[in-house]
Structures are given as structure tokens and as C-alpha cells.
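The values are calculated or read from the model by the stated rules, or taken from the named source; none is laboratory data. Please read all numbers here as calculations on a predicted model, not as lab measurements. A quick note on method: Cβ atoms are made from the backbone with ideal geometry, for glycine too, and the neighbour counts reach across all protein chains shown. Areas reflect the complete protein model, heavy atoms only, side chains present, ligands, DNA and RNA absent. Shrake-Rupley method; radii C 1.70, N 1.55, O 1.52, S 1.80 Å.
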Amino acid sequence: MSKKSVSSPTTRRKFLGGAALATAAVAAPSVVSAQGPISMRWQSTWPSKDIFHEFAVDYAKKVNDMTGGDLKIEVLPAGAVVPAFGLLDAVSKGTLDGGHGVLVYHYGKQTALALWGSGPGYAMDANMLLAWHKYGGGKELLAKLYQSIGANVVSFPYGPMPTQPLGWFKRPVAKVDDFKGLKFRTVGISIDVFQGMGAAVNALPGGEIVSAMDRGLIEAAEFNNASSDRALGFADVSKICMLQSFHQNAEQFEITFNKTKYDGLPEKMKAIIANAVEAASQDMQWKAIDRYSQDYIELQTKDNVKFYKTPDAILKRQLEVYDEVVKKKAAENPMFKEIVESQLAFAKRATQWEQDTVVNRRMAFDHYWGANAAAKKI
């Protein structure tokens, strides 16, 4: 036997060590595969036919795709497991692993939660309110707020909504007094605002509004946008919609996870979840512009709906009543006061920057689409 064919103890140890590493490398994937993907069952607060439920499914798909299937989120519509207004409790207790809704639906738990979207936003739009949430202290305040009510959730506000209509009515609303005694549907701080304007308010989830109007339980209602309102059947019970309002001028959606379930996820998966929130937030805005504008036209051309601008006197009164409501609630609730002060400080500089910087696009709109539109000459 030649010297080359003889293996020393050192050589054997190296070989065996390398073989062990190779075996581990081969075995590792099979261990992960055996564990399988993490599955989560979610519910939205929206009927399956509403575009909002579609937004919820869009977010879940982004996460599912970005994790390569390692996390699989299934999204059920409102009522599949719990009623729409029961979502927070269900996610907190672990009955559901997560959900998609709006913070204002938790108004009964803690009135300060409605400050994420239920009101004029102190001249901010919904995107600016989200800027306050991420960079102006809102994220920390929301975590503190949920902790104060014992909610075992992780919250991700996202998806800034355009200004919502004043609502659907039997006849155009011309003055503030038209709200006196009116049986009206709204949610959140808007309940207090419309009550302050004289309305008899009933808070209902989105999927129950049209049925209530049809049965005469309410006479008028607001929900959100042309696509949702059309899909839910508002045009079947009313042909008058008033556009522009301060009652929900700066609202956004909310994605919630059960905190225990979320905390147990790998850090890489948490990073994907957070970044998917922001990706879905922008994608939702693009989809909303496309779909809302199409349904706005179809409501007029196919459903014979008449749209009217809300009179300035009503808008001004909304702001006045909102300030009265906020003053009262801030005196009763220290956290409410803390959040309002934080929003005001951020809004003061952000809205000044916006008003000074962003050109009023009405001039360009009239130039291209007005009576003597340049677009007609191109």
C-alpha cells in the first residue's frame, strides 16, 4: 500500500466533520418543510362584495407572496366568525389571528381611538395623518392606548382614504337645520358631531346600512366612497348623495394581529409584514383612484344618482361642533387630550407647508375640462 492511500486520523476527522456539516445542510430544509407554513385566519369588517374586503385580501396576498408561502393568511368577510364591531375582541382573545377594519369601529372601547380618522384631521388629509402616525408620535400613542384597554393586538394603520361624502339622503341637504330629528347613520366621533347638529344617530356596520334605510329604520346615512356605496346598494334606496364633508376627512384602514401570535413570528417575517403594509397602502390608493372614479360615473349614468356639493354653512358647523366635542372629551380623557395635542402640533407645520407648497389643481382642471377646455382642442 502506498503512502498516498493511507489516511491519517487527522484526515479522517476532517472528513467526518465535513460529512456531518454536509448532512446537516441537507437535513435542514426537510426539517423546515416538516414544520410547514404558518397559517392565520383573519376576518375583515366588510361584506365580501365591498371593495374594502378586496383591499384586505390584497394585503394578505402580498404577505403570502412575499414570504414565499411560509405565512398563509386567509381573510374571511364580516360576520363569518364575529360581527364587524366584534373584531377587536376576537383578535385580542385569539379567536382570530388578525383582521382588517378601521380604528373608529372600536369607539365604544376607547373614544380616543376614533382620532385616527373620525374628524377633520385639523386640515390634514388621511395621508398626512399617517405621516403623523409614523413620524409624529402617533404609533407610540396608539400602542399605549391599546395597552390601556388591555387589547392584546399589534396595529398597523394604513391605506389613506379620500374625503368621504356627507351621505345619502331622500332630498338634498341645504342647511344645518335639515339635520334636526333626522335618523342618520354614522360612527365614531361623527356620532357626537351629527348629534350636536340635531340628528338622531344610529351606529351600524357597513353591511347593515342599506337594509336599515330600506326598512325606514334610518332616513339617511354615510359610508365611504362611490365603489363601496354602489356595491352595497345605496342607489337602490336613495338617489341623492351629498359630496364633501369634514366628519371623516382623514380616515385610514387598520390591520391588526393578535400580539401573542405576532410576537412568536420570526423577525424576518415581521419585517415582511411591516413592509407589506406600506406597499399595500400605496397600492390601495392607486386602485381606489381607478375604481372610485369609474363607479362615480356609473352611479350617475346607470343608477341615476344626483350628486350635490355640501353647502359651506354645513361644513363650517361641522368644524364648530367637532371642536366642542373634542374639548369635552379631552377634559374627560387624558389620553384623548394627549393625542389631540400631538396631532395639532404636527398638523400646524405640515398643513402650513402643504398650503404654501401644493398648487390648487382646480385651475388646471378648468383649463382642461371646463367650458373652454384646452383638451377639446388637442
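Tabulated data
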read-out	value
Local electrostatic count at Gly117 - Lys and Arg +1, Asp and Glu -1, tallied over other residues with Cβ under 14 Å	-4
Inter-centroid distance (Cα atoms) of segment 342-365 relative to segment 175-233, Å	30 Å
Contour minus Cα-Cα distance for Gln195 and Ala271 (0.36 nm per residue)	23.1 nm
Whole-percent carbon and sulfur share, accessible surface of the chain, 1.4 Å	56 percent
Bridge type composition, the chain - antiparallel percent by DSSP, nearest 5	45 percent
Accessible surface, per residue, of the chain when the full set of protein chains is kept, probe 1.4 Å, Å²	51 Å²
Longest exposed-site-free window of the chain, the sites being trypsin sites (Lys or Arg not before Pro) in a DSSP loop that have at most 15 other C-beta atoms within 10 Å	50-169
Normalised contact order of segment 169-286, rounded percent, pairs of Cα under 8 Å and 6 or more residues apart	25 percent
Cα-based shape type of segment 288-346, given that a ≥ b ≥ c are square roots of the gyration tensor eigenvalues and the cut on a/c is 1.5	prolate
Ratio Rg/Rh, restricted to segment 149-297 and using Cα atoms, in which Rh is the Kirkwood radius	1.05
Net lengthening on full extension, Ser39/Glu298 (0.36 nm per residue, minus Cα-Cα)	89.3 nm
Inter-site label distance for Asp312 and Lys239 at 7 Å from Cα along Cβ, in nm	3.1 nm
Theoretical FRET efficiency, 1/(1+(r/R0)^6), r = Cβ-Cβ of Leu319 and Leu217, R0 25 Å, to 0.05	0.30
Rg(Cα)/(2.2 N^0.38 Å) for segment 229-334, N = residue count	1.54
P(r) of the chain over all Cα-Cα pairs, binned every 10 Å from zero, in whole percent	5, 20, 29, 22, 10, 5, 3, 3, 2, 1, 0
Contact order normalised by residue count of the chain, Cα under 8 Å, 6+ apart, percent	21 percent
Around Lys175: net Lys/Arg minus Asp/Glu count, Cβ-Cβ under 15 Å	+1
Mean Kyte hydropathy of -0.5 or more with a Cα span along the axis of at least 18 Å, helices from DSSP in the chain	9-35, 51-66
Pairs beyond 19 Å (Cα-Cα), from Lys62/Lys287; Lys170/Lys239; Lys109/Lys337; Lys183/Lys337	Lys183/Lys337
Amide N proximity, segment 90-119 versus Asp263 label position 7 Å along Cα-to-Cβ, cut-off under 14 Å	92-94
